[in-house]
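Colleague: This is the structure, below, for whatever I ask next.
Read-outs: derived from the displayed coordinates by stated rules, not from any lab. What you see is a predicted model, and the numbers here were worked out from it, not measured in a lab. Backbone-built Cβ (ideal geometry, glycine too); neighbour counts: all protein chains shown.
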Amino acid sequence: MAELELDQLVNVVLRRVADRLGQTPDRSRDEWQPALLVAGNWKMNAPGGGAGEALVEFASHLALAPQTGVDTLVFPPATLISSVRSALAGAGASTEVGSQDLHWEPSGAHTGEVSADLVLAAGATWTLVGHSERRAAGETHDQVKAKLHRAVASGLSAVLCVGEGLDDRTNGSTFRVLRVQVQTALAGLALRGVTPGRMAIAYEPVWAIGTGRVAEPAQIDEACAFIRTVAGEEFGAAWASRLRVLYGGSVTEESAADILAIDQVGGLLVGGASLSPKRFAAIVEAGAARAQNLSAQGGGS
Ligand code: PGA
C-alpha cells in the first residue's frame, strides 16, 4: 500500500515536471487513452419502475448496442445498484454502475445517507458528485470537495458535475462560477494520484437540465475547454488533455451525435432519455459512431 502510494506520487511529480518542461509525459506508466464516456443518470426513477423484468430489458438493449470506443455507465437510485449490476452482468453488458451521491464520512450517524464503502459493496464502481439538483438542495462547494476526495480515496471513480444557472449565464458570470466549482472540488486531488480515466467532469448548465433546451455548440465547446484548463491547474496540462469532459442537459438520441461532434466533448451525461432502453442504446450507438470517426482521424477527443 505504502509502495503504491509512493509510486503514484512519483508519477504525479514526473507529470508535473514534464508539463513544466513542455514535454510529453512518459505514458508507459499509464497506458490509458480516453474512450468516450456515455452515462445515464436515472435520478429518483428507474425504467419500468425498477421491476426486475424492466431492468433485464434495459440490460439486454445495452448489451446489443455497439460499444467499441465507448465506456458506458448508469447511475440508478442507490436501492437498485445491486440488481442493475446483476441484470447488466446477466446480459453480458460491460456497462458499469454508479451511485448518484455519497457521504463524505466513511460511516457514522448520518440517517438516510450512503457511504462510499456501502455503494462499493453493492457493486458501484463510480459515483456522481455535486449534481446541480443536490447543490440546489443545499450542498456546498466544500461538501462537494469532501465527497469527491472521499470517493477517490475509497477507490470509486467519480463524475464531478458543474454548471452555471440561468442568472449566471445572463449576467456574465458563467466562467467565474465554473472556476469556483471546479477549483474548489479538485483542490489537493492531484496528490492522491488519481488517473484521468477514474474521473470525469460533467458540464451541465442548470438551465439546460430537464428543460428540453440544449446549450449551443459554441457555449458547450468553450465551457468544456475552460473546465479542462482549470483542471489542468491542479493536475497539469497533460493529465487534463486526457480528462473526459462530458456534456449534460436535455441530451436525446436526436441531439447526441451533434453534441459528441464538439471538439472538447468527451462524452455525455444523460438524464430523462437514459430511462428508456431504446433511447439510451441509441445514444450509446451515437457514441460508438463518434469513437469510430475519431479513431479514423487518428486521434482522441
Ligand atoms: P436531463 O438531465 O438529460 O434530463 O436534462 C441531465 C442530468 O441532470 O444529468
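Colleague: Relative contact order for the chain: what percent, with Cα pairs under 8 Å and sequence separation of 6 or more?
Modeller: Once normalised by length, the contact order is 22 percent.
Colleague: To continue, here is another question. Subtract the Cα-Cα distance of Thr125 and Thr229 from 0.36 nm times their separation in residues, and report this length gain in nm to one decimal.
Modeller: Value of the extension gain: 34.8 nm.
Colleague: Oh, and also: Can you return the lysines within cross-link range of Lys278? Criterion is Cα-Cα under 29 Å, with same-chain partners fewer than 8 residues away left out.
Modeller: Counting by Cα, and skipping residues close in sequence, Lys278 has these lysines nearby: Lys43.
Colleague: Taking +1 at the Cβ of each Lys and Arg and -1 at the Cβ of each Asp and Glu, which of Thr174, Trp239, Pro34 sits farthest along the dipole of the chain towards its positive end, judged by Cα position relative to the Cα centre?
Modeller: Trp239
Colleague: Quote the charge dipole size of the range 150-196 about the Cα centre in Debye, to the nearest 20; the model charges only the Cβ of Lys and Arg (+1) and of Asp and Glu (-1).
Modeller: Rounded to the nearest 20 debye, it is 180 debye.
Colleague: Right, another one. Mind telling me which of Asp168, Asp71, Asp258 comes out most flexible in a GNM of the chain, alpha-carbon contacts under 10 Å?
Modeller: Asp258
Colleague: Give the long-range amide H neighbours of Ala202: residues separated by 5 or more places, or on another chain, with amide H under 5 Å away, using H modelled in the peptide plane at 1.01 Å from N.
Modeller: Hits under the 5 Å cutoff: Leu160, Cys161, Val162, Leu246.
Colleague: Could you point to the residue in Leu269, Ala288, Cys224 farthest towards the positive end of the chain's charge dipole, with +1 and -1 charges on the Cβ of Lys/Arg and Asp/Glu respectively?
Modeller: Cys224
Colleague: Expressed as a fraction of 2.2 N^0.38 Å, the rule-of-thumb size for a compact globular protein of N residues, what is the C-alpha radius of gyration of the chain?
Modeller: Dividing the Cα radius of gyration by 2.2 N^0.38 Å gives 0.95.
Colleague: Rounded to the nearest 0.05, what FRET efficiency do Ala218 and Ala153 have when you use their Cβ-Cβ distance and R0 = 51 Å?
Modeller: That gives a FRET efficiency of 0.85.
Colleague: Next question, about the same structure. So, how do all the Cα-to-Cα distances of the range 114-198 break down into 10 Å bins, in percent, from 0 on up?
Modeller: Reading the bins upward from 0: 17, 47, 28, 8, 1.
Colleague: Please state the charge dipole magnitude for the chain, taken about the Cα centre, from unit charges on C-beta atoms (+1 on K and R, -1 on D and E), reported in debye and rounded to the nearest 20.
Modeller: That gives a dipole near 220 debye.
Colleague: Running a GNM on the chain with Cα contacts under 10 Å, which residue among Gln264, Gln143, Gln181 ends up with the highest mean-square fluctuation?
Modeller: Looking only at Gln264, Gln143, Gln181, the biggest GNM fluctuation is shown by Gln143.
Colleague: Calculate for the chain the 222 nm mean residue ellipticity that helices alone would give, adding -39,500 (n - 2.57) per DSSP H run of length 4 or more and normalising by residue count, nearest 500 deg cm²/dmol.
Modeller: -14000 deg cm²/dmol
Colleague: Using the C-alpha gyration tensor of the range 193-271, what are the square roots of 5 times its eigenvalues, in whole angstrom, with the largest one first?
Modeller: Gyration-tensor ellipsoid for the range 193-271: 23, 12, 11 Å.
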